[in-house]
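Asker: This is the structure I have questions about; it appears just below.
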Amino acid sequence: MTSHLFPNQRCVGGGEGGAIYAAEQDGKFYAFTDESASMDMLSEEDAADLADDLANSAPAEFNSAEARDRYLIERYGAFLGRGVELWPAESRKSVAGMLLRAVTFAADKHRHQRRKDADASPYINHPIALANVLANEGGVDDVVVLCAAILHDTIEDTETTAADIEILFGAKVSSIVLEVTDDKSLPKEVRKQLQIDHAPHLSPEAKLVKLADKISNLRDILASPPADWTIQRKQEYFDWAAAVVSGVRGIHPQLESVFDALYARRAELH
């Protein structure tokens, strides 16, 4: 059971001892875990040590909240969570909690971004839609795959790094997200061809994320396409998505049928 000791506390990771929380109050920095015996915070000595470290660090050393949290976990992980590796498979005790952490993380990273549809809907709607396709249409219950779906655009479209995801969600989630991340330094047409070329060689988990991504995008184009897209551009996207999906076929026949039904509506594009 999560203890709410501070109004501004944040979950910054987890280990065998449960989730690790951090909070700042009256100029002091505190950390504690879900499952410590008595919900104790850091010892007075350790808390003072950590507060001094943070206070005396050059601003450049902690240029983001994530950098500060990473420092906290790396230095005090053994004390707080009895292990620095965060959320290993054997200690994921709350699927719902991990998914909500992924949604919260993605929502923050995508907070200034909008989709290309006519209504400019919040970007976070898209990764949530992917997870919904996988879980509620495909029956996928692997929390690693669902988290990767929610986080799949964070490296490509935000300042998030693979290390950030690994620290908070584990190496497997980070690996899947990297597999479905385009190299934005390449021309768009090259990136699109690489998606087709790489699709057959993706891991099974990445194939599921890729398939759900294309299902979600076809639905969005049918329901609310970008206002400036011509019929030809919409049709070309459908054809390109079909070429990508051809490389992941066999991974989930039920979801492939969902994609095929959407592609069959290509003639409705206008």
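The values are calculated or read from the model by the stated rules, or taken from the named source; none is laboratory data. If you're wondering where the values come from, they're calculated on a predicted model, not measured in any experiment. All Cβ positions, glycine included, derive from the backbone under ideal geometry; neighbour counts span all protein chains shown.
Asker: Could you list, ordered by first residue, the pairs with Cβ atoms under 7 Å in which the first is in the stretch 207-222 and in the same structural domain as Ala135 (by TED's automatic domain parsing) and the second is small (Gly, Ala, Ser) and in a helix (DSSP H, G or I), at least 6 apart or interchain?
Answerer: Short answer, once both residue conditions are applied: Val209/Ala148; Val209/Ala149; Lys210/Ala199; Ala212/Ala149; Lys214/Ala241; Ser216/Ala129; Asn217/Ala241; Leu218/Ala241.
Asker: Hey, another quick one. Please tell me if Glu156 is assigned to a helix (DSSP H, G or I) and either touching a residue at least 40 places away in the same chain (Cβ under 8 Å) or under 15 Å from His110 (Cα atoms) (or both).
Answerer: yes
Asker: When residues of the stretch 215-253 are filtered for being of a type in the set (Asp, Glu) and surrounded by 15 or more Cβ atoms within 10 Å (Cβ to Cβ), how many remain?
Answerer: Residues meeting the conditions: 1.
Asker: Are there any pairs, at least 6 apart or on different chains, whose C-beta atoms fall under 8 Å, with the first in the stretch 253-264 and within 18 Å of Ile221 (Cα to Cα) and the second in a helix (DSSP H, G or I) and of a type in the set (Lys, Arg), and if so, which?
Answerer: Sorted first by the residue in the stretch 253-264, then by its partner, the pairs are Phe259/Lys214; Leu262/Arg219.
Asker: What do you reckon, is Asp142 at pLDDT 95 or above and not hydroxyl-bearing (Ser, Thr, Tyr)?
Answerer: no
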